[in-house]
Every structure is written in structure tokens, then in C-alpha cells.
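The values are calculated or read from the model by the stated rules, or taken from the named source; none is laboratory data. Predicted model, so just to flag it, every value in this text is computed and none were measured. Note that we place each Cβ from the backbone using ideal geometry, even for glycine, and neighbour counts take in every protein chain shown.
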Amino acid sequence: MPTSAAHYLYDEFDAAVVADRAAEFRSQVERRLSGALTEDQFKPLRLMNGMYLQLHAYMLRVAIPYGVLDSEKMRALATVARRWDEGFGHFTTRQNIQFNWVKLKDAPDILDHLATAGMHAIQTSGNCIRNTTSDPYAGAVEGEADDPRIWCEAIRQWSTLHPEFNWLPRKFKIAVTASDTDRAAIRVHDIGLHLRRNADGELGFQVLVGGGQGRTPYIGSVIREHLPVRRLFSYLTAILRTYNRLGRRDNMFKARIKILVATLGAAAFARDVEAEWERVLTDSVPSDFPEEALAQIRARFGVVEFETLPARSAAFEQARADDRRLARFARNNLTAHKVAGYVIVNVSLKGDGVAPGDASAAQMDALADIAERFSHDEIRVTHEQNLVLPHVKLDDVALVFASLDAIGLATPNIGQIGDIIACPGLDYCALANARAIPIATAIQARFTDPDRAELVGEMKVKISGCINACGHHHVGHVGILGVDKKGEEFYQITLGGRADEKARVGDALGAALPFDQVAGAVDSLVEAYLRERLEGERFIDTYERVGLGPFKEAVYADAHPA
Amino acid sequence: MSDERLQAITANDLREGCVVFRAGDGWTAQLADADLFGDPAHGEAALETAKAETTRVVDVYLIDLTLEGGQPVPLSYRERIRALGPPVHPDLGKQTVGGPAIEAIAHATGGARSTGRLSLIKRK
């Protein structure tokens with residue numbers, strides 16, 4: 001059972017579930033194509049397998065549990081992109097991947113192929129518990145109370161095909177972090193779990209409920225400061241049962257748990273959950289995982305066998321002294337690792353002119369090779385639509401940089417203004433009101449000079465093509481929301497949102513702008529920030545100090561000349 | 001832009017998912033080859049026939065058009081994107097065939113709601 005693999009190894013039971021589900025969908029597709037199933041009968045079945053009908057084609061959303069991939073899985077995704085799509089895939093803010101050009105007739109073959117690598121599309125749509133997301137640096141960064149992936153995997157096993165929670169009032173999203181620095185946006189999730197130790201050193205979860213974005217954004221409320229880890233699943237069951245019982249089903253715009261929590265008040269909701277929890281604990285079949293089951297999950301993650309290395313690498317130091325591009329990449333795309341001599345490499349999927357989150361089949365195959373050779377066969381997907389190589393030796397960074405550069409993935413802009421989150425928008429999405437990707441590329445085009453981008457520093461721009469907020473605009477330092485004004489695209493800008501441990505919803509800047517004024521407006525925001533900022537301030541710091549005033553003046557003076 | 005208001009019937013192909021337009025008793029990939037209806041009553045009647053083809057197409061609805069240089073062009077920006085392909089990927093979708101019909105759609109301006117599509121979304 002124990003393995004040297006750094007990621008979870010699926011067992012025969014997992015494989016059987018995935019294969020059975022693929023076979024079941026093949027039968028459903030055949031019946032739909034023959035006319036034995038009507039579209040109304042088929043649509044819920046297709047959605048339960050991650051297939052949406054978009055503007056130009058079907059879209060298949062494939063689950064990447066807590067954003068963790070190995071080389072085998074990445075190659076399977078590359079094959080789907082190459083054989084059944086137009087040669088690329090789109091990594092999403094749910095740490096999943098979407099293929100925008102698939103055909104319904106091919107879907108059974110795609111799911112069969114994914115199943116060979118232990119992948120599937122189960123619960124990537126529908127009113128169920130969706131992919132649980134986590135910190136992309138899990139297990140690699142200093143200061144974690146535990147490895148959150150253990151708990152994410154346990155949640156995956158508990159929530160997959162859970163008979164009681166597959167028909168909730170609306171979709172349901174859980175995020176887990178074990179670090180005080182929140183890289184998983186847990187405060188804007190239906191449930192956010194912060195794994196940490198209490199004053200007695202006992203491991204537990206701080207539980208937040210009722211966060212979310214979409215039409216009505218809320219920051220989650222803490223309903224329990226310390227939930228002993230062994231009680232996680234009885235408590236989650238209590239929350240979900242409370243939601244299932246009290247959540248609204250009469251109005252889909254008011255059906256998310258955030259509306260219930262806001263309506264009742266967090267304290268009252270917490271009391272309901274505690275009362276339900278007492279009942280759950282008396283169920284004849286316990287909800288909580290036995291200790292041995294959790295130990296088994298932990299064991300199936302194996303142990304990364306790190307080498308004992310010096311904290312500094314002479315080879316790396318020399319290479320970056322010799323190569324200014326590598327030096328810039330190192331400044332912007334590397335994060336400290338918990339083990340001496342190692343580093344976390346962030347791979348930006350935000351190259352100039354590229355749709356944020358897109359990767360070609362060739363890039364995916366090459367990334368699989370790089371991960372296999374240099375990062376203990378692990379790749380992470382981030383909710384900011386980038387990838388991470390979590391365990392790279394400092395000695396290998398120059399080689400990794402060269403390998404990434406060869407496939408166009410060495411863009412040194414992590415966290416900067418060009419590192420934009422954008423949903424597919426009206427280029428693809430049937431629900432969108434406006435395009436998001438061209439706004440992102442237009443902004444990027446104004447900051448192609450890496451010196452200027454570095455001068456601006458951290459600035460998180462997030463763009464959604466409609467109020468569903470797949471592009472997380474509410475929590476962008478600069479949020480951009482596409483709206484439809486009598487059939488024309490306009491964009492509302494918000495400032496000061498953030499998704500981290502100080503999460504807040506952004507403030508509206510002013511009247512919506514037409515498409516061709518948005519990138520210029522962002523440029524004006526940057527200029528105002530550079531004028532206003534004090535030594536060491538990031539954009540968000542300056543905004544929180546000076547407020548909307550200078551930014552509003554800058555944008556509307558420029559955007560609406562007399 | 002012509003003052004003439006026309007309609008066409010659009011859908012997505014069930015098997016492939018691609019955008020199609022009603023032409024005679026079948027469906028075509030290009031709007032330029034679609035049947036155009038000047039009389040709303042004729043469009044509604046043809047829509048009912050088209051909707052019956054449940055093993056060939058899904059999400060069938062009428063779109064509003066005008067003529068630009070003699071070519072049919074959707075009034076709605078959303079429908080222009082459906083008739084062309086994603087603007088961010090000019091190498092993909094129907095726009096790759098080029099020609100005057102595609103050029104007319106690509107260079108159209110202005111907007112209007114896609115009324116047929118809107119009613120579909122409301123039903124979802």
C-alpha cells in the first residue's frame with residue numbers, strides 16, 4: 001500500500017466506479033441519439049457527466065480533484081485535447097479543465113479514455129457537491145497544520161455519488177486550506193475549512209459557511225472555531241442536511257446556502273446545524289470516517305522522498321546571474337518550499353494574447369514530461385488558472401525554466417497585472433452577456449513590458465462575462481463584470497475585492513464602460529495607483545488607504561473626455 | 001443596414017453540437033445558406049416543423065436578421081458570434097471559410113437582444 005508517489009493512488013474500487021459511470025453514459029448517449037430519450041430526459045444525465053451545450057459546441061468539464069495531476073493524467077488530458085477537441089483545454093477557477101469543442105457522439109469514448117487514467121466528469125455540474133478545491137501549494141509550503149489534500153480526498157470519497165446530497169437546492173462548493181495564508185479562497189465558498197491547531201495543539205477545522213460569489217456575493221461566516229478533525233463528516237452532514245431541509249428550491253437565484261445563512265443569520269444557522277449534528281451523531285450508520293479509513297487515505301498519498309540538499313544552490317545562483325530572463329522568472333514565479341534546496345515553480349498560463357487558463361495538447365504533454373523529470377511527477381492546477389510544479393530542486397530550476405520557455409510557458413508574471421482570471425465569456429459560454437477573454441488580452445497588451453509589470457507589482461484582475469461570476473470578479477483587486485445593455489457589451493468595474501484571508505467584495509467604481517474603453521480604464525487605474533502609492537504598498541494596500549476617489553477620477557476623466 | 005427585417009431558424013446539431021440553420025427540409029452550417037422569413041407567421045410555422053426534428057437538433061429558435069450588402073446578418077451580437085465562431089479564435093468555427101457572407105457578419109455593428117435565445121435561457 002505505501003508508495004513513493006507524491007499523489008493519491010486510486011484503488012480498484014475507484015476505478016470500477018469510474019468505468020461503470022462511463023459505460024452508463026455510453027448507453028444514455030446511444031438512447032438519446034436514437035430518440036429513446038428526449039432532450040428533457042437526457043439533459044440532466046448529460047449535465048451529471050459534465051457536458052454542457054455552449055454557443056458553438058458541447059463543452060466537457062473534467063474533474064481534477066483538489067487540482068492535483070500527475071503525468072499520466074496530464075497526458076490523458078492532452079490526448080482528449082488532441083483527438084477530440086481543437087487541440088487545447090481550458091483550466092478553470094474550480095481547478096478543473098474544460099474542453100470547448102467536443103461532440104456528443106464522441107463523449108463516451110472520451111470518458112472511457114479518461115477512465116483509463118482514473119479521471120472522470122462526475123459532479124462537475126448539477127446541484128451536488130462539486131470538486132473540492134484546495135491550496136495549490138499543499139504539502140510543499142512551510143507552516144501547514146496538516147496536508148489539506150488528505151482531507152480533500154476524504155471529502156471526495158464521502159461526497160461522490162452521495163445519495164442524500166446529489167439533489168441539493170443548488171450546487172455546493174467546498175474549499176480547504178491548512179495555511180494561514182489563504183490561497184484557496186475559502187471565504188467565498190459554500191463551506192470553507194481552515195485546518196489548524198488549537199491552543200492545546202489539537203488538529204481541527206475552523207468552519208465557515210455561506211460565502212459565495214455570483215449574483216449575490218457574501219463572505220462566509222465562521223460557525224465553528226474548532227471542529228475536531230475526527231468529527232468532520234458528521235458535521236458536514238449536519239450542514240448539508242440543514243441546507244437540504246431549509247434551503248429554497250422555489251427560486252434558483254435564492255437557492256444557494258449563502259442566501260439561507262444571510263436570511264437566518266449566521267448564529268441562528270449555526271444553532272440549527274449544532275442541533276442537527278446531535279441527531280447525526282445518533283444515526284445508526286456513523287457519518288464520521290473511522291480512524292483506519294483516514295489512515296488508509298493518508299497512506300495512499302505516499303511520501304515524497306526529498307533529498308538532503310543545501311539551502312542555496314550555486315548552480316542556480318550562477319545561472320540566474322548569467323541570464324536576466326531566468327532572474328526575472330525566479331523573482332516572479334518561484335515560491336519558497338518547506339524543504340531546503342527545493343522550490344515551488346509557478347507556471348503561468350497567461351502568456352500574451354493567450355486566453356487565460358488555456359494550454360495546448362503539446363504544452364500538456366511537455367508539462368507531463370517536466371513534472372515527471374523534475375517535480376516528483378506532480379502538477380497542481382490553481383484557482384487562478386495557472387499550474388504549479390510543487391517540488392523542484394533549486395539545482396534544476398534553470399533546466400525547468402528552459403523547458404517551459406521552449407513550450408511558451410515561461411511567462412514571468414505570477415500575481416501581476418497580466419496574470420488575469422477570465423471566464424470563457426461570450427466567446428464560448430451560452431450564459432455569458434459579454435466577452436471576457438478579449439478584455440483580458442487587451443489589458444495584457446498594455447503591460448507587455450515586463451519592467452513596467454514588475455513596477456506595478458501585485459495586482460489581481462478578475463473578469464467575468466456575466467453575473468454568475470465564474471471569473472471571480474467580486475474578489476479581484478480590479479474586478480470586471482460584463483453586462484448586456486440592450487444587446488451590447490458593457491463592463492462594470494469594481495475595486496478592492498480580495499479572495500485571501502482578508503477577503504472582501506469589491507466596491508463599484510462607477511458607470512459601466514463600453515468594450516473598447518475597459519483596457520484604457522485599467523491603465524488609468526494603474527497610473528493613479530503609481531501616483532498615490534507609498535513605499536512598499538501593493539495596489540490593494542493603496543486602495544484600502546485612499547479609497548475609490550482618486551481611481552474614480554482617473555478613470556472617468558480619461559474614459560469620458562469632454 | 002437594410003430596413004428589411006428578416007428571420008432565420010437556428011439550433012445546435014444534436015450529435016456534433018455545432019450551430020446550424022434551417023434550409024429547406026434540412027440544416028446548413030452557414031447562415032448565408034439558410035431560409036429567410038420576411039413574414040413572422042411563416043417563420044413561426046417553420047419553427048414548429050423544425051422543432052419536431054428532435055434526433056437531429058436541440059435548442060431550436062428564431063433569430064432576427066437584417067441585410068448588409070445583400071447578406072443576412074444577425075441583429076444580436078450573441079447571434080453574430082454563433083454564426084462566426086469565437087472572436088478570440090479566428091482560426092476556429094464558421095468564420096474560417098471567409099467570403100462576403102462571413103465578412104458582412106464580422107463587420108456588423110450595433111446590438112440587440114437575442115430574443116429567441118433569451119426565452120431559451122429563461123426556461124433553463
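Details
- The set of residues in segment A:138-148 that are more than 18 Å from A:R230 (Cβ to Cβ) and touching a strand residue (DSSP E or B) at 6+ places or on another chain (Cβ under 6 Å) contains only A:A140.
- Condition check for A:R94: in a loop (DSSP other than H, G, I, E, B), basic (K, R) and touching a residue at least 40 places away in the same chain (Cβ under 8 Å): yes
- No other residue among A:E164, A:E153 is among the acidic types (D, E), within 21 Å of A:V303 (Cβ to Cβ) and in contact (Cβ under 8 Å) with a residue 60 or more places away in the chain apart from A:E153.
- Verdict on A:I186 being hydrophobic (A, V, I, L, M, F, W, C), farther than 25 Å from A:V303 by Cα, out of contact with any strand residue (DSSP E or B) (no Cβ under 6 Å at 6 or more places or on another chain) and crowded, with 19+ Cβ neighbours inside 10 Å: no
- Taken over segment A:301-349, the residue count meeting the criterion of being modelled with pLDDT under 95 and either small (G, A, S) or over 28 Å from the mean Cα position of the chain (by Cα) (or both) is 1.
- Qualifying residue in segment B:70-78 (condition: assigned to a helix (DSSP H, G or I), within 14 Å of chain A (Cβ to nearest Cβ), in contact with a Gly (Cβ under 8 Å, 6 or more places away or on another chain) and modelled with pLDDT under 95): yes
- Look at (1) part of a loop (DSSP other than H, G, I, E, B); (2) surrounded by 22 or more Cβ atoms within 10 Å (Cβ to Cβ); (3) within 14 Å of chain B (Cβ to nearest Cβ) and you find that A:Y8 fails only one, number (3).
- Looking at A:G496, A:G457, A:G487, A:G506, just one residue is free of Cβ contacts under 8 Å to residues at least 24 places away in the same chain and more than 17 Å from the chain's Cα centre (by Cα), and that residue is A:G487.
- Within segment A:102-143, the residues that satisfy the criterion of being modelled with pLDDT of 95 or more and within 14 Å of chain B (Cβ to nearest Cβ) are A:V102, A:K103, A:L104, A:K105, A:D106, A:A107, A:P108, A:D109, A:I110.
- Residues of segment B:4-38 satisfying the condition of being of a type outside the set (V, I, T), without any contact (Cβ under 8 Å) to a residue 12 or more places away in the chain and away from chain A (no Cβ under 11 Å): B:G24, B:D25, B:G26
- Single match in A:G139, A:G204, A:G126 (criterion: touching a helix residue (DSSP H, G or I) at 6+ places or on another chain (Cβ under 8 Å) and crowded, with 23+ Cβ neighbours inside 10 Å): A:G139
- Test: residue in segment A:62-76 that is in a helix (DSSP H, G or I) and of a type in the set (F, W, Y): yes
A quick yes/no check of all residues on (1) over 25 Å from A:G476 (Cβ atoms); (2) among the acidic types (D, E); (3) modelled with pLDDT of 95 or more; (4) assigned to a loop (DSSP other than H, G, I, E, B):
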| residue | (1), (2), (3), (4) |
| --- | --- |
| A:L161 | yes, no, no, yes |
| A:P169 | yes, no, yes, yes |
| A:T181 | no, no, yes, yes |
| A:A184 | no, no, yes, yes |
| A:L193 | no, no, yes, no |
| A:D200 | yes, yes, yes, yes |
| A:F205 | yes, no, yes, no |
| A:L208 | no, no, yes, no |
| A:G214 | no, no, no, yes |
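- Filter result (of a type in the set (G, A, S) and touching a residue at least 60 places away in the same chain (Cβ under 8 Å)) within segment A:222-249: A:G247
- Search result, residues across segment A:33-52 that are aliphatic (A, V, I, L, M), more than 9 Å from chain B (Cβ to nearest Cβ) and part of a helix (DSSP H, G or I): A:L45, A:L47, A:M48
- Residue list for segment A:286-322, filter: farther than 24 Å from A:V68 by Cα and β-branched (V, I, T): A:T308
- Qualifying strands (runs of 3 or more DSSP E) (wholly inside segment B:1-69; at least 3 residues being under 22 Å from B:A108 (Cα atoms)): B:6-13, B:19-23, B:57-68
- Close pairs (6 angstrom Cβ cut-off, 6 or more residues apart or separate chains): closer than 14 Å to A:A402 by Cβ in segment A:311-328, assigned to a loop (DSSP other than H, G, I, E, B) and acidic (D, E) anywhere: none
- Qualifying residue in segment A:101-114 (condition: of a type in the set (A, V, I, L, M, F, W, C), under 22 Å from A:R298 (Cα atoms) and not in a helix (DSSP H, G or I)): no
- Within segment A:62-87, being surrounded by fewer than 22 Cβ atoms within 10 Å (Cβ to Cβ) and closer than 20 Å to A:V354 by Cβ holds for A:R82, A:E86, A:G87.
- Residue that is surrounded by the fewest Cβ atoms within 10 Å (Cβ to Cβ) [pool: residues in segment A:482-499 that are part of a strand (DSSP E or B) and within 11 Å of chain B (Cβ to nearest Cβ)]: A:K485
- Checked against (1) touching a Lys or Arg at 6+ places or on another chain (Cβ under 8 Å); (2) closer than 19 Å to A:I122 by Cβ, A:H56 meets all criteria but (2).
Conditions tested, residue by residue: (1) among the aliphatic types (A, V, I, L, M); (2) out of contact with any helix residue (DSSP H, G or I) (no Cβ under 7 Å at 6 or more places or on another chain).
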residue	(1), (2)
A:D200	no, yes
A:G211	no, no
A:R215	no, no
A:V222	yes, yes
A:I297	yes, no
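- Tally of residues being without any contact (Cβ under 8 Å) to a residue 40 or more places away in the chain and more than 9 Å from chain A (Cβ to nearest Cβ) across segment B:85-98: 4
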